[in-house]
1. Check each of the trypsin sites (Lys or Arg not before Pro) in segment 204-241 and keep only those in coil by DSSP with at most 15 other C-beta atoms within 10 angstrom; list them in order.
2. When the helices in the chain are scored as -39500 (n - 2.57) per DSSP H run of 4 or longer and the sum is shared across all residues, what 222 nm value do you end up with, to the nearest 500 deg cm²/dmol?
3. Starting from the amide H of residue 167, placed 1.01 Å from N in the peptide plane, find each other amide H under 5 Å away whose residue is 5 or more places distant or on another chain.
4. Which entries in 490/512; 252/553; 181/314 show an alpha-carbon gap greater than 27 Å?
5. Any idea what diffusion coefficient the chain gets from Stokes-Einstein, in µm²/s, Kirkwood Rh on alpha carbon pairs, 20 °C, 1.002 mPa s?
6. Highest mean first, what order results for 222-228, 152-158, 480-486 on Cβ atoms within 10 Å?
7. Tell me which lysines have Cα within less than 22 Å of residue 484's Cα, excluding those fewer than 8 residues away on the same chain?
8. What part of the accessible area of segment 542-612, given as a whole %, is carbon or sulfur when the probe is 1.4 angstrom?
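The values are calculated or read from the model by the stated rules, or taken from the named source; none is laboratory data. Just so it is clear, the structure is predicted and the values come from calculations on it, not from any experiment. Heads up, the Cβs are rebuilt from the backbone with ideal geometry, glycines too, and the neighbour counts pull from every protein chain shown. Accessible surface is based on the protein model in full, side chains and every heavy atom, while ligands, DNA and RNA are left aside. Shrake-Rupley method; radii C 1.70, N 1.55, O 1.52, S 1.80 Å.
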Amino acid sequence: MIRKAALTAVLSAALLAPQVAAAPSTAAARAPEVLAAQVRQTLTVSIASITPEVPKNLTDEITFTGTVRNDTGTSLANVSVRLRYQSQPFTDRASLAAYQTDQNTPVPANVSRTSRMYIPTLAAGAEARWQFTATPVQLGYRSFGAYPIAVDVASNEVPMATQRTYLTYAPPTTPKPPRNKLAVVLPVIDRPHRATDDPLFVDDELSQEIGDRGRLADLARIAQSAPSSTTWVVDPALLDDLDTMSRGYRVKVDDDEETRPASTAAASWLTTMRTSLASSPVVATPYADPDVAALAHQGLDTQPSRAIELGAEKAEALLSRNAKTNVNWPAAGLLDPDALDLLSVSGVDRVLLNSTNLPPQTPLTTTPDAAATLDSVNGPVTALVPDPELSRLFEPPSGTSTLLSTQRFIAETAMIAAEPGQILPRSLVAAPSRRWDPNPSLVTALLKTAGRLPWLQLTSLESIKPGKASVPRAGLTYTAQQRKDELSRKYLEPVKEIWTQAQLTSIVKVNKTQPAFDAAVLRLTSSGWRGSARAGRALTKLVGAAVDAATDKVQITGAGPDRPRTLAGSDGVVPISVRNSLTTPVDIVVDVKSNNPEVLQVDFKEQLTIGGGQSGTVQVPMNAALSGDATVTVQLRTADGQPYGEPQRMTIRTTGYTGIALVIVGAALTVMLAAVVTRLLRRRSQRKLARAAKSPESETV
């Protein structure tokens, strides 16, 4: 309560200070400063327009308009709005940036005597419009360049709020400033919203993004008015998702599914983009925008090539035109040599890189050319480095004034053209972040402004090439933290297993079609899962289950330890059947091995061709060494020997004797036969002796 009362007294003293005739007390002297500290955040001044945006003659009349608003909660007296200026232009882009971002950089010291408005009283909540006029000669401008401008509001001569901006003066000069090329690159990239190619979405976020105030709707608005030189980088997986929505789809909600009708908004969005981009350069990202650096580091080397191929197919089908696939914009604009090599062997010869990834070889005080050349295992690759400041202007913080961004853009590009020692035109690239949320009016204004500035020439990204203005670059700089930001080994290991299994569902088919799960697995490798691995793992489980279900459509029937087969006799055959529930024929190898060779001997392989919806049977020869139960493992394999599905164990019940048993029995019979023969011979011998003894007796008688 004491602090609150003291603050009230200070504010009252500040408001009454102009009426005090005597020498002010210490508290009264401090009152304006205290007041300024309290209301600076709630008393605002804004600049609505500057016309013309680029004065060209000393006598051009420049009109500044704007508003001042009092949201302090109390009425303010003796309010003045003033135009501040400086007669010296910025010396470099660093000082230009500091003027906007570093509030310790002072505002221009000169206060225009003619551009000033006095407001006796500005009531609480009230807003007043202001308008000033000035000429370059009044502002002391003499040469081409960007100058600091500010409009401030003061009460009792104590500044309360300030709005800073820039004014570029462009009189005719000899020689003329070089006309630099500027390629503007606008991304249309999102994360995947489906697991498989089925019309089942894991969320319904896309329906919001194509709504009136959605991010994708804003991109479509920009596309309708953007100059044809603008280069668009489009993820075909996003087009694929929206095309699926346009035909009706389902949404996963907890453990249930909800049906959605065909989305007319999705169909309309695709039509708008197809029409708007018909004459603009379009680059297709690899399908689902995979994390190429992670794939290179985790041994998934075949995915980028397949993603590029599939991306081209989808872009052509859904945009009704060819899209470039030789250009790659990696996640965060960052690559290391391994990822660059992987892209180069996949057909990429141009990469769009962050300025931190490919810095100049030596620090520069001027703006480097955007193009450079990198060496890869497959030959030279052109690196295109967007200017960070120009790129940020296309994606400023929320609430940033379109006018202020435009004036900053004019000043930045003018400064580049006026940099000392730069005689040859340079190439520039501006590219906001890859999954940006654009302000359509701001982006459209920047593009229109760029098209009419005499020191800029809008061009396509494809036309930007290394030239005489290029500066040496230090090579790819990739930090340990950037490596950690990739999709991890733990995340990608199950993806790799699913990819391998998914390929088999195609290899096993007689007609060897493209794998049905290529798009699904590529969605799992999307860079959109960086920082969202949990959501990516949820999709991985769904894709894994779908691949398992497809694999199980070709399987052994009647197998299982609890379903024994009987082998009658010592030698025989056991039939094993395979069911093909697919609609197309398959080539499958049945591989059978004994788990108990001392009881049952079997080593069998045979290839079967089974028609769609049919079964095939092989007769497996087996030899039983002993009677009883034994197990065999039946593994289905592709024609090239890869395991297909899980191995199955089968119990074989033997009831006869095999060769070993027969040997034993034969030996026993031989012994028995020998004993019988011996016994017969002995009896015969005994009979002979008896007859011999009987004969002498007869003669005596």
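1. On the way: sites: 213, 215, 221; in loops: 213.
Those that pass, being in a loop and sparsely packed, are 213.
2. Working: 18 runs with 237 residues, N = 701.
Result for the chain, helices only: -10500 deg cm²/dmol.
3. 147, 149
4. Details: 490/512 31 Å; 252/553 25 Å; 181/314 31 Å.
Long pairs (Cα-Cα over 27 Å): 490/512; 181/314.
5. Values: Rh = 32.3 Å.
My calculation gives 66 µm²/s for D.
6. Values: 222-228: 16.3, 152-158: 19.1, 480-486: 13.6.
Highest to lowest by the protection proxy: 152-158, 222-228, 480-486.
7. Within the straight-line limit of under 22 Å, residue 484 reaches these lysines: 496.
8. On the way: 1620 of 3370 Å².
Carbon and sulfur: 48 percent of the exposed surface of segment 542-612.
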